[in-house]
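**Q** Handing you this structure, nothing more for now.
The values are calculated or read from the model by the stated rules, or taken from the named source; none is laboratory data. The model shown is predicted, which means the values in this text are computed figures rather than measured ones. Cβ: placed from backbone, ideal geometry, glycine included. Neighbour counts: every protein chain shown.
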Amino acid sequence: MAKPKPIRVALAGQPNAGKTSLFNGLTGAHQHVANYPGVTVEKREGHYEHDGISYDLLDLPGTYSLSSFSPEERVAQDELLTSPPEVTVVVVDSTTLERSLIFLVQIIQLGANPVLALNMADEAERSGLRLDVERMQGLLGFPVVETVGNRAMGMVALREAVARAAASPVQENRLVLGERMDRALEAVVAALPGADADAPGTGTGAGNRWTAVKLLMADPLFTDRMKEAREAGRAALEVARIQREKLEADTGLDIALFVSERYYGFVDGLLKEVTRHASRQNARAVSDRIDRVLTNRVFGIPFFMVAMFSVFWLTFTVGEIPMGWIEAGFEALGGWIGGMWPKGSESPLRSLLVDGVIGGVGGVVIFLPNIVLLFGGLALLEDTGYMARAAFLVDSVMHRFGLHGKSFLPMMTGFGCTVPGIMGTRILESERDRLTTMLVLPLMSCGARLPIWMLLIPAFFPAPWRAPALWLIYALGIVVALGLAKLLRRSILAGEEAPFVMELPPYRLPTLRGTLTKMGERSWIYMKKAGTIILAVSLLMWFATAYPKPSTYQLDKDIKAGKIVVLKSAQAKSAQTKSARARAPKGTRVVTAAEAKNLRRAEELRQSAAGHIGRGLEPLIRPMGFDWKIGTALVGAFAAKEVFVSQMGIVYSLGEVDEKSKGLRSTLARDYSPLVGISLMIFLLIATPCMATVAITRRESGSWKWALLQFVGLTVIAYVLSMLVFQIGSLFV
């Protein structure tokens with residue numbers, strides 16, 4: 001017997017309604033993420049089983065309405081119109097029902113078979129809001145369920161509601177929008193070309209009333225489609241025009257305002273029927289009182305700066321302990337694997353495993369505790385609702401520099417990873433705003449740069465200055481981004497600025513599960529890079545630093561000519577070495593066996609492919625204070641910023657690290673001045689976005705022109721700033 005076809009279910013809702021948490025609660029691990037064909041909007045799909053029946057779940061993009069302006073709105077609308085699911089679960093925030101239920105009205109007009117999920121029901125109850133769910137279900141004519149997505153509460157009831165809706169689809173549209181609106185819609189629906197009922201957005205099938213609404217409002221997407229129906233379509237457009245003009249003349253309102261008024265009227269009437277208040281204390285009132293302090297013109301910005309500094313301080317101080325454990329573990333692993341070969345063995349396989357794999361990947365994995373703590377701190381600020389307030393606080397500052405207030409949100413995402421930050425610019429309606437934000441977003445110090453800061457800051461700054469130094473490098477990225485944005489909006493991206501309008505969700509207590517989930521997801525992305533891109537580049541760079549081998553060694557020639565004398569191991573004690581050097585003839589260098597070994601390795605490195613590249617770059621990077629070793633590591637950092645750390649580890653494991661070195665940090669502090677360290681940090685902050693950033697900029701902007709402008713422009717700016725810092729600083733040190 002053939003297995004029944006899975007029932008298709010769509011999750012639809014506005015941002016911040018908790019839709020993703022419900023999706024995770026329903027599907028568990030049975031999910032995957034891709035993109036919709038032809039667009040960059042994320043498509044998340046999963047499946048689950050209930051009472052022996054299989055359900056395919058589609059998580060539609062979060063949108064505030066089913067309009068045709070943003071890519072997310074168009075995708076959600078087309079998905080529901082062209083291939084309507086058997087059931088559409090509409091997820092709303094129970095603490096903001098007046099606004100959230102407007103989306104439900106649009107879904108009903110679309111002709112969907114809905115289930116209403118009143119999410120965050122616990123927060124609504126704590127605020128004193130009581131809903132008569134049974135009465136609401138009776139008035140609407142379809143299942144209504146209360147859920148708490150971030151705690152996976154109400155999942156069984158939601159699955160049962162979906163099963164009921166699939167078995168008994170809604171037959172009656174109980175949406176009441178007033179006599180005028182109903183008459184106008186009926187007239188336009190009657191004029192729709194029935195012969196083209198299967199065409200998207202036309203016909204008298206599912207979604208006919210939504211099509212009529214969009215024609216009344218002269219939505220270009222629907223009017224253009226209707227024109228494709230030729231004479232019948234033009235007739236429907238004419239009826240819509242007549243009805244629109246009649247409504248505007250009768251009410252004195254613009255058609256968009258009139259339709260919105262009808263929607264709010266229905267929602268208001270519904271809530272009066274089903275709402276019971278145990279008290280007048282609500283989440284919005286509490287949030288408003290908190291906002292009087294946290295968004296205050298005087299205290300708001302200082303509080304935000306203190307909050308971010310606290311996250312960085314936590315990242316440094318708490319992260320040091322597990323970092324030590326991981327470092328010791330990798331050292332022990334390297335020693336154990338290296339011990340499988342005889343002492344002094346020059347086996348290529350041993351070098352590959354110890355210096356390439358363990359030295360390269362281990363040098364990046366060691367910073368995982370810092371990554372986890374940083375992402376955890378940002379997740380807490382985000383889940384409480386404070387990040388939206390931060391966007392509000394910096395809006396006036398952002399506008400002065402040509403950035404939209406909403407740009408703050410993708411820029412904050414960029415502190416985790418530049419790629420999703422650039423994808424997050426889709427929330428900006430203006431193309432100029434999107435491009436400006438996209439081009440400067442790599443200046444937000446992403447999580448990939450954090451291992452670099454964790455390496456360089458302790459190497460060049462004393463302990464009391466480490467947290468301030470980390471805070472300052474993040475602040476510098478923001479300052480340079482604002483200045484560059486101002487320049488772009490005054491030149492190639494000049495134009496009018498869009499007004500700032502966004503939602504401020506109520507404050508919420510973050511859940512442990514929600515915070516851990518975000519920390520886990522973002523940290524796993526970091527670990528995947530360590531196991532794929534960073535491993536591949538580390539192996540490539542190991543090979544480039546190990547081969548080709550010199551045909552002859554200058555060290556051997558110098559030993560043969562008597563210019564270098566190598567002491568035996570028994571003579572290599574400190575006092576004896578000093579004595580031997582004092583007695584050596586002028587022009588003769590006395591070295592220990594270990595020093596001779598490192599000299600040989602340094603010569604191999606200089607003659608390798610990586611050494612040739614680094615020495616080729618040295619004249620270019622010398623004005624910034626960099627040598628060929630740093631230049632070699634910078635080349636690998638284009639694949640992923642974290643690779644810089646592993647490359648320096650590989651370079652030094654093959655170069656001049658001796659037994660007395662306490663690790664890469666102490667070696668860098670020995671070989672370079674703090675001024676070089678500062679110059680290097682500035683360059684790595686600003687220059688050469690990684691290859692994934694270049695690729696996503698090309699995809700989101702639709703042109704290689706913008707991706708190359710970003711890459712070349714930021715690299716030139718980084719070069720100039722780093723050179724100025726080093727050259728001017730050299731005058732004073």
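**Q** Could you tell me which of the residues A121, A152 is within 30 Å of P4 (Cα to Cα) and either in contact with a Lys or Arg (Cβ under 6 Å, 6 or more places away or on another chain) or outside the structural domain of I255 (by TED's automatic domain parsing) (or both)?
**A** Testing whether each residue is within 30 Å of P4 (Cα to Cα) and either in contact with a Lys or Arg (Cβ under 6 Å, 6 or more places away or on another chain) or outside the structural domain of I255 (by TED's automatic domain parsing) (or both) leaves just A152.
**Q** Take the residues in segment 129-144 that are more than 36 Å from the chain's Cα centre (by Cα) and over 15 Å from R164 (Cβ atoms), then tell me which one is surrounded by the most Cβ atoms within 10 Å (Cβ to Cβ).
**A** Top of the filtered list is L131.
**Q** Could you grab me the full set of residues in segment 83-110 that are part of a helix (DSSP H, G or I) and closer than 13 Å to L66 by Cα?
**A** First pass over segment 83-110, keeping only residues part of a helix (DSSP H, G or I): 94-109.
Selection gives S100, L101, I102, F103, L104, V105, Q106, I107, I108, Q109.
**Q** While we're here: Evaluate the following for N113: is it polar (S, T, N, Q) and modelled with pLDDT of 85 or more?
**A** yes
**Q** With the requirement that a residue be under 13 Å from L271 (Cβ atoms), polar (S, T, N, Q) and more than 30 Å from the chain's Cα centre (by Cα), what does segment 90-128 give you?
**A** Hits for segment 90-128: nothing passes.
**Q** Okay, next question. Considering only segment 686-714, how many residues are exposed (fewer than 15 other Cβ atoms within 10 Å of the Cβ) and either free of Cβ contacts under 8 Å to residues at least 40 places away in the same chain or outside any helix (DSSP H, G or I) (or both)?
**A** Qualifying residue count, segment 686-714: 7.
**Q** So, in segment 302-320, of the ones that are part of a helix (DSSP H, G or I), among the β-branched types (V, I, T) and touching a helix residue (DSSP H, G or I) at 6+ places or on another chain (Cβ under 8 Å), which residue ends up surrounded by the most Cβ atoms within 10 Å (Cβ to Cβ)?
**A** Ranking the qualifying residues of segment 302-320, first place goes to T315.
**Q** Still on this structure, please answer the following. F626 passes all but one of (1) in a loop (DSSP other than H, G, I, E, B); (2) at pLDDT below 75; (3) closer than 22 Å to L605 by Cα; which number fails?
**A** (2)
**Q** What are the pairs, 6+ residues apart or on separate chains, where a residue within segment 232-252 that is at pLDDT 85 or above has its Cβ under 7 Å from a residue that is of a type in the set (D, E, K, R) and surrounded by 14 or more Cβ atoms within 10 Å (Cβ to Cβ)?
**A** L247/R180
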